Amino acid sequence: MASRTFHVPEALAAPCPPRALASPWETWHADARDEHRHAARHAPLLLDEEERRRAASFQRDRDRDTYLTAHVSLRLLLAQVLGGHPGAVPLSRLPCVGCGGPHGKPVLDGHPSLHFSLSHSAPHVLIALAPHPVGVDIEGVPSSPDSVQDIAQVLHPAEQKHLAAARTEDRPGTFARLWTRKEAYVKAIGAGLHRPLDLDDLSDVGRPPDGWRVVDLDAPEGYRAGLVVRRS
């Protein structure tokens, strides 16, 4: 399933009226190689202090460009749906499910019917918007079958079996596909990496966890992407 392409505008437009959100979800892709200059220009006006600090901490330009493109694009997209200025989008975080700290799942204050998820794997950015809890993930395909062997041991037994059944040359892509589904799911439920990765089986999109829909998204060559959204 294809995502729409998002372009960061050269100049910020005047606030626009709210727009309807496509149901059951929207997904947007941005390429930081094309968007980072405009994103960097808007970042001081749109991002909060923690986001600016995080952006400044990256050692590689590629990673900083991708982070800025991701977070500026998210605020611009949310402002399109909510109406108003993107710098005023009321973002906050839920308490962490592991330690209770203020770094849990990001949410919109005062807008319980709009959910979002953000993922990036340089230089690509993926954003999902939905009226129900949603998670999205994009990952690069590992370079060789050997590189997935050890990591695969943390997957659900059914996922390990699914991976083992793939042809050797197909295993990196198969692993990346499984991993994006799993990452999208733990984001959607708000558990993050505190949920054991062998607990849930996402090897078959036709048999998703109860109450959820799992979707494989189109991704640029060398990447895989997945989305999980709660059924209405």
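The values are calculated or read from the model by the stated rules, or taken from the named source; none is laboratory data. What you see is a predicted model, and the numbers here were worked out from it, not measured in a lab. A quick note on method: Cβ atoms are made from the backbone with ideal geometry, for glycine too, and the neighbour counts reach across all protein chains shown. Just the protein is used for accessible areas: all its heavy atoms, side chains included, with ligands, DNA and RNA removed. Shrake-Rupley method; radii C 1.70, N 1.55, O 1.52, S 1.80 Å.
Given the options Val136, Val107, name the one that is assigned to a strand (DSSP E or B), over 15 Å from Ala225 (Cβ atoms) and open to solvent by less than 60 Å² (accessible area, probe 1.4 Å).
Val107
Name the one entry in Ala165, Ala152, Ala176 that is under 19 Å from the mean Cα position of the chain (by Cα) and at negative phi.
Working: Ala165 fails: under 19 Å from the mean Cα position of the chain (by Cα); Ala152 fails: under 19 Å from the mean Cα position of the chain (by Cα).
After ruling out the rest, the residue left standing is Ala176.
What about Asp34, is it in a helix (DSSP H, G or I) and open to solvent by 100 Å² or more (accessible area, probe 1.4 Å)?
Yes, satisfied.
For the stretch 37-65, enumerate the residues that are among the basic types (Lys, Arg) and in a loop (DSSP other than H, G, I, E, B).
The answer is Arg60, and nothing else.
Only one of Gln153, Gln149, Gln160 is open to solvent by 10 Å² or more (accessible area, probe 1.4 Å) and closer than 23 Å to Gly206 by Cβ. Can you tell me which?
Gln160 is the lone residue from the list that is open to solvent by 10 Å² or more (accessible area, probe 1.4 Å) and closer than 23 Å to Gly206 by Cβ.
Applying the selection to the stretch 193-227, what residues are in a loop (DSSP other than H, G, I, E, B), in contact (Cβ under 8 Å) with a residue 60 or more places away in the chain and loosely packed, with under 13 Cβ neighbours inside 10 Å?
Result: Asp218, single match.
With respect to Arg230, is the statement that it is closer than 30 Å to Pro112 by Cβ, open to solvent by 30 Å² or more (accessible area, probe 1.4 Å) and either more than 18 Å from the chain's Cα centre (by Cα) or not hydroxyl-bearing (Ser, Thr, Tyr) (or both) true?
For Arg230, the condition - closer than 30 Å to Pro112 by Cβ, open to solvent by 30 Å² or more (accessible area, probe 1.4 Å) and either more than 18 Å from the chain's Cα centre (by Cα) or not hydroxyl-bearing (Ser, Thr, Tyr) (or both) - is met.
Which residues, taken from the stretch 166-177, are within 10 Å of Ser203 (Cβ to Cβ) and open to solvent by 70 Å² or more (accessible area, probe 1.4 Å)?
none
In this structure, is Glu139 over 21 Å from Trp25 (Cα atoms) and either in contact (Cβ under 8 Å) with a residue 40 or more places away in the chain or of a type in the set (Val, Ile, Thr) (or both)? Reasoning before the result, please.
Numbers: over 21 Å from Trp25 (Cα atoms): no; either in contact (Cβ under 8 Å) with a residue 40 or more places away in the chain or of a type in the set (Val, Ile, Thr) (or both): yes.
Considered against the rule, which asks whether it is over 21 Å from Trp25 (Cα atoms) and either in contact (Cβ under 8 Å) with a residue 40 or more places away in the chain or of a type in the set (Val, Ile, Thr) (or both), Glu139 comes out as no.
Of these, Leu12, Leu21, Leu77, which one is assigned to a helix (DSSP H, G or I) and either out of contact with any Asp or Glu (no Cβ under 8 Å at 6 or more places or on another chain) or surrounded by 12 or more Cβ atoms within 10 Å (Cβ to Cβ) (or both)? Even if it seems obvious, please write down each step before you answer.
Working: Leu12 fails: assigned to a helix (DSSP H, G or I); Leu21 fails: assigned to a helix (DSSP H, G or I).
Unique residue meeting the criteria: Leu77.
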